[in-house]
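First comes the structure, then the notes that go with it.
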Amino acid sequence: MPGHKNGLLFPGKYREVLRHDLTEISGLDDLHHPEGAIREAQQLIAACYNTDRSYMLVNGSTVGNLAMILGTCKRGDTVIVSRDCHKSVMHALDLAGVHAIYLATQKEPQTGTANGIEASLLREALQMETIRAVIFTYPSYYGFSFDLAACITTCREFGALVLVDEAHGAHFQADASIFPVSAIQLGADVVVHSAHKTLPA
Ligand SMILES: Cc1ncc(COP(=O)(O)O)c(C=O)c1O
């Protein structure tokens, strides 16, 4: 394994690249039980993003959203979800057996596109019942940021976990002078990134 046999079945430049495409043999580590190179890479990511822990994912932010919700919520919990969430969030809520209160998003004034939750509306929803977590999509699908800091402060008042699908914001921490502040820097509990969306992965 893999079937290309160290690239032997491919000509020219592909062979060179495929020589490095190997299965989980000794020394290459295992994503599901990392002890070597993958563990070290995850520690480097955590240091780079200044997180307690970082994990690499297979199958994109979809799996990140599933893990984020299944790892923090239990059957019967209630969560608040931004109405513009990705469908993987809805699938995760269904798998976890979690009750969702969907919050309408505010409109970005110039373009009229959906753009995050307003802290005052969030407060009203948090007052309704005990909420395990609030799930945000940040930035919006159209690349805008909103006042996530105010939303996080409100969540903290009510003891709700802050879960952020920051699929399109993996680059935010690269340069704070030109990009919005990342959810990690704002103190979110779990943040999901797509390195294949806004980084060259
Ligand atoms: C905001 C958001 N979250 C999650 C996903 C899922 O990402 P992936 O396709 O990497 O699983 C997408 C994909 O478009 C997305 O736009």
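The values are calculated or read from the model by the stated rules, or taken from the named source; none is laboratory data. Worth saying up front: this structure is predicted, and the values here are computed from it rather than measured. So basically every Cβ, Gly included, is an ideal-geometry build from the backbone, and we count neighbours across all protein chains shown. Note: accessible area is taken over every heavy atom of the protein model, side chains too, but ligands, DNA and RNA are not part of it. Shrake-Rupley method; radii C 1.70, N 1.55, O 1.52, S 1.80 Å.
A 1.4 Å probe run over the protein chains yields, for the chain, 58 Å² of accessible area per residue, whole-number rounding.
Only the Cβ atoms of Lys and Arg (+1) and of Asp and Glu (-1) were treated as charged; on that basis the dipole of the chain about its Cα centre amounts to roughly 400 debye. Derived scalar couplings between HN and Hα for the stretch 120-136 equal 5, 5, 4, 4, 4, 5, 5, 6, 6, 7, 6, 10, 6, 7, 10, 10, 10 Hz in order, rounded to whole Hz, by the Karplus curve 6.51 cos²θ - 1.76 cosθ + 1.60 (θ = phi - 60°), x for Gly and Pro. Remark on Leu161: its backbone amide H falls under 5 Å from those of Ala133, Val134, a criterion applied only to residues 5 or more positions apart or on other chains, H modelled at 1.01 Å from N. The mean sequence separation of alpha-carbon pairs under 8 Å and at least six residues apart, normalised by the residue count of the stretch 21-66, gives a relative contact order of 21 percent. Within the stretch 123-201, the GluC sites (Glu not before Pro) that combine a DSSP coil assignment with at most 15 other C-beta atoms in a 10 angstrom radius are Glu129. Per-residue Karplus couplings for the stretch 167-177, computed as 6.51 cos²θ - 1.76 cosθ + 1.60 with θ equal to phi - 60°, are listed in order as 3, 9, x, 4, 8, 3, 6, 5, 7, 5, 7 Hz, Gly and Pro entered as x. Computed from backbone phi with θ = phi - 60° and the Karplus coefficients 6.51, -1.76 and 1.60, the 3J(HN,Hα) list for the stretch 137-152 is 10, 8, x, 5, 4, 9, x, 8, 9, 9, 7, 5, 4, 5, 5, 5 Hz; x is used for glycine and proline. For the chain, the fraction of 1.4 Å probe accessible surface lying on carbon and sulfur atoms is 55 percent.
Close amide H contacts of Tyr102 (hydrogens built in the peptide plane, cut-off under 5 Å, sequence separation of 5 or more or a different chain): Val81. In terms of its C-alpha gyration tensor, the stretch 147-201 comes out oblate, because a/c is 1.5 or above while a/b does not outweigh b/c. Near Asn6: Cβ cut-off under 14 Å, other residues only, Lys/Arg at +1 and Asp/Glu at -1. The net charge is +1. Per-residue ellipticity at 222 nm from helix content only, as computed over the chain with -39500 (n - 2.57) for each DSSP H run of at least four residues, stands at -9500 deg cm²/dmol. Post the alpha-carbon centroid distance, the stretch 1-74 to the stretch 136-201, in whole angstrom. Comparing the Cα centres of the stretch 1-74 and the stretch 136-201, I get a distance of 23 Å. The relative contact order of the chain, computed from alpha carbon pairs under 8 Å that lie at least 6 residues apart in sequence, is 15 percent. Annotation: Cα Rg of the chain relative to the compact-globule expectation 2.2 N^0.38 Å equals 1.18.
Given the chain, what percent of its DSSP beta bridges are antiparallel, to the nearest 5? Approximately 5 percent, going by the DSSP bridge assignments.
Compute the signed sum of charges (Lys and Arg +1, Asp and Glu -1) over the other residues within less than 14 Å, Cβ to Cβ, of Phe146. Result for the local shell: -4.
Remark on Thr113: its backbone amide H falls under 5 Å from those of Glu108, a criterion applied only to residues 5 or more positions apart or on other chains, H modelled at 1.01 Å from N. Ordered from largest to smallest accessible area (heavy atoms of protein chains, 1.4 Å probe), the residues Leu148, Leu199 come out as Leu199, Leu148.
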